Amino acid sequence: MATTDSTKITVRAEARWVRLSARKARVVLDHVRGRSVPEARTILAFTPRAAAREIDKVLRSAVANAESAHALDGDELVVEEAYANEGPTLKRWRARARGRANRIRKRTCHITLVLAPAEQERRKRPQGKVAESEESVAPPEAAEEKPKRRSAAKKKEGAAA
C-alpha cells in the first residue's frame, strides 16, 4: 500500500436529528461551502432562513473542536465540506373533511461541517474582476472564426457533386 505524506488535519462537527428539511439546509450550506470561517459566520448572520441558525451552531462547534483538540486558530480555518443528509421522518396525521386524514411529514436532517486549515496560496472566489495574468494574454479573436452554417439547399448541392 502506498502512503501519502500529506496528512491534512480536518475537524468535523455534526448536528443530528435537526428538525429541518435537508433540502432547506442544503440551500444555506451552498453559500458557506469553501469560505473561511469569519466569512461563513458573516453570511450566516445575515441569512434570513431558519437553517442558518442551526448551521451557525454547528460551525461554532467545529471551530471549538479545532481550537481545543488541535490548537488551531479558528479564523485560519476554511469550510472544506458542508452537507446535510436526511434523517428519520416523523409521520403525523391531520384530520380532514368527511372522516379522512392527511399525512404530515416532519422531516429531520443531519448537518455536517468539515473544517481544514487554510492554504496560504488559497485562491479567492472571482468577484467579477479579471486576473492580471489573464489581462496580459489577449485571446486571438480574429485568428479563428467558426465556419458559418450552410443552408439545406447548399448541402444538397455539395452532396450531389
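Just so you know, all these numbers are worked out from the coordinates, no wet-lab data involved. Bear in mind the structure is a predicted one, so any value in this text is a computation, not a measurement. Here Cβ is always computed from backbone atoms with ideal geometry, including for glycine, and neighbour counts include all displayed protein chains.
So how many residues does the range 67-83 have that are touching a residue at least 12 places away in the same chain (Cβ under 8 Å) and either exposed (fewer than 13 other Cβ atoms within 10 Å of the Cβ) or part of a loop (DSSP other than H, G, I, E, B) (or both)? Walk me through how you get there before you give the answer.
Pass one, the range 67-83, residues touching a residue at least 12 places away in the same chain (Cβ under 8 Å): 69-70, 72, 74-83.
Keeping just the survivors that are either exposed (fewer than 13 other Cβ atoms within 10 Å of the Cβ) or part of a loop (DSSP other than H, G, I, E, B) (or both) gives 69-70, 72, 75.
Count: 4.
State whether the residues of the range 43-64 include one that is touching a Ser or Thr at 6+ places or on another chain (Cβ under 7 Å) and closer than 30 Å to residue 9 by Cβ.
No, that holds for no residue.
Test residue 21 against the criterion of being touching a residue at least 40 places away in the same chain (Cβ under 8 Å), of a type in the set (Ser, Thr, Tyr), touching a strand residue (DSSP E or B) at 6+ places or on another chain (Cβ under 7 Å) and closer than 26 Å to residue 119 by Cα, and give yes or no.
Here the answer is no, as residue 21 does not meet what is asked.
State all residues of the range 44-63 that are out of contact with any strand residue (DSSP E or B) (no Cβ under 8 Å at 6 or more places or on another chain), assigned to a helix (DSSP H, G or I) and surrounded by fewer than 18 Cβ atoms within 10 Å (Cβ to Cβ); if no residue qualifies, say none.
Selection gives 45, 50, 53, 60.
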